[in-house]
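A short write-up of the structure that comes next.
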Amino acid sequence: HVGLNKEEESRGRFAKLRIRGQRLRAFIKKVKPDVVVAFCHKANYRAITAALGTGIPVIVSVRTDPVGHYDHWDDKFQIPLLFPRAAGCVFQTEGQRDFFPEKVRKKSRIILNPLNDKYLDVPEPEKRVKEVVQSGRIVDFKNQLMLIRAFDRVHKKHPDYVLKIYGGDSGDGTREQLEELIAERNAGEYVFLMGASDSLEKVLVNASVFAFSSDWEGLPNALLEAMALGLPIVATDCPCGGPRTVMKDGVNGLLVPIKDEEALADGICRLIENPDLAEQLGRKARDICKIANGKAVFEQWQDYIESVCK
């Protein structure tokens, strides 16, 4: 759309969405599924619209923090117009659910993300290494900049510990900012950007602390995976309540306020300095495997879908 003004760009986007909606509607009429399950923002609206008048129920699903993602000008009329027409809605957290109208909340259910099987039943490490780790995309809202600043404080007290951040580059410029901060603080010998890994269940499991620093999330898979591995965790209590949904402060991890560098550093130091507490929290965190394994999550979805299709 080079050279087009905003109005023309907007018309172009809506035209594409309309065409996709028409194709989906034709597909639904042809296949006649028992139910349509939609994931993600625009797909939710498209599925509801495409199924109107067909008699086929639609379940929508919200997978991110609604604040900033479902509060644009067009959401303000699409949500009250379309979401109540869905047969049901699946949320990951209460914070997500409570953002939406009461009609939507009444017919909704909260279901966790399923863990990949490779994170289940991983043996406890015989000995933890002096590493603080994080996994997840290198992206601004995960606030790895704050994590590095917080770890700088930790390193002053515990110079034998290192920070390893695993995750692919999102391309939003955050990685370059992290590299600049590492250079600025002369932290290259104790802060490492490890890149993406397909073997996180192997490289994370013997770390001393998993540090989660996000400003917001939906229900972060990286946090669930760290819990399944039994890692001692300190996590920001970020909206829309993902960490709080699966963690209880002082029981299976430590929760700290978002954007609080000092609190994050203090939490990491507390786990380093109290290894018995850290192991106790990590072992309790492993209980997430009982409710977020693939079979358990599948059964919850199956139960909900069957209740909607009655």
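The values are calculated or read from the model by the stated rules, or taken from the named source; none is laboratory data. All figures in this text were calculated on a predicted structure; none of them were measured in a lab. Note that we place each Cβ from the backbone using ideal geometry, even for glycine, and neighbour counts take in every protein chain shown. For the accessible areas, the whole protein counts, side chains as well, though only heavy atoms, and no ligand, DNA or RNA atoms are used. Shrake-Rupley method; radii C 1.70, N 1.55, O 1.52, S 1.80 Å.
Structure notes:
- Number of the condition not met by Ala285 [criteria: (1) open to solvent by less than 30 Å² (accessible area, probe 1.4 Å); (2) out of contact with any strand residue (DSSP E or B) (no Cβ under 8 Å at 6 or more places or on another chain)]: (2)
- Some residue of the range 106-124 being out of contact with any helix residue (DSSP H, G or I) (no Cβ under 7 Å at 6 or more places or on another chain) and open to solvent by less than 40 Å² (accessible area, probe 1.4 Å): no
- Verdict on Leu271 being open to solvent by less than 10 Å² (accessible area, probe 1.4 Å) and at pLDDT 95 or above: yes
- Matching option when the condition is in a loop (DSSP other than H, G, I, E, B) and either among the aliphatic types (A, V, I, L, M) or in contact (Cβ under 8 Å) with a residue 12 or more places away in the chain (or both), among Asp172, Asp152: Asp172
Listed here are the residues, each with its yes/no results for (1) outside any strand (DSSP E or B); (2) of a type in the set (Ser, Thr, Tyr); (3) at pLDDT 95 or above.
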| site | (1), (2), (3) |
| --- | --- |
| Thr54 | yes, yes, no |
| Val60 | no, no, yes |
| Tyr70 | yes, yes, yes |
| Val90 | no, no, yes |
| Val132 | no, no, yes |
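- Qualifying helices (runs of 4 or more DSSP H) (wholly inside the range 270-310; at least 2 residues being of a type in the set (Gly, Ala, Ser) and farther than 15 Å from Ala207 by Cα): 294-308
- Conditions (1) open to solvent by less than 10 Å² (accessible area, probe 1.4 Å); (2) closer than 25 Å to Ile291 by Cα; (3) in contact with a Cys (Cβ under 8 Å, 6 or more places away or on another chain); number of the one not met by Arg63: (1)
- Residue within the range 151-162 that is among the acidic types (Asp, Glu), under 18 Å from the mean Cα position of the chain (by Cα) and surrounded by fewer than 18 Cβ atoms within 10 Å (Cβ to Cβ) present: no
- Residues of the range 215-266 satisfying the condition of being surrounded by 21 or more Cβ atoms within 10 Å (Cβ to Cβ), out of contact with any strand residue (DSSP E or B) (no Cβ under 8 Å at 6 or more places or on another chain) and assigned to a helix (DSSP H, G or I): Leu224, Ala228, Gly242, Val246, Ala265
- Hits in the range 181-214 - residues which are buried (at least 16 other Cβ atoms within 10 Å of the Cβ), of a type in the set (S, T, N, Q) and outside any strand (DSSP E or B): Asn206, Ser213, Ser214
- Filter result (under 15 Å from Lys284 (Cα atoms), among the hydrophobic types (A, V, I, L, M, F, W, C) and over 13 Å from the mean Cα position of the chain (by Cα)) within the range 209-257: Val209, Phe210, Met227, Ala228, Leu229, Leu231, Ile233, Val234, Met247, Val251, Leu254, Leu255
- A residue that is closer than 19 Å to Ala292 by Cα, of a type in the set (Asp, Glu) and part of a helix (DSSP H, G or I) occurs nowhere in the range 73-84.
- Asp140 meets the conditions (1) open to solvent by 10 Å² or more (accessible area, probe 1.4 Å); (2) closer than 20 Å to Cys238 by Cα; (3) touching a residue at least 40 places away in the same chain (Cβ under 8 Å) in every case but one. The failed one is (3).
- Screening Arg109 on (1) of a type in the set (Lys, Arg); (2) under 24 Å from Gly241 (Cβ atoms); (3) assigned to a loop (DSSP other than H, G, I, E, B) shows it passes everything except condition (3).
- Lone unmet requirement of (1) modelled with pLDDT under 95; (2) of a type in the set (Gly, Ala, Ser); (3) touching a Cys at 6+ places or on another chain (Cβ under 6 Å) for Gly218: (3)
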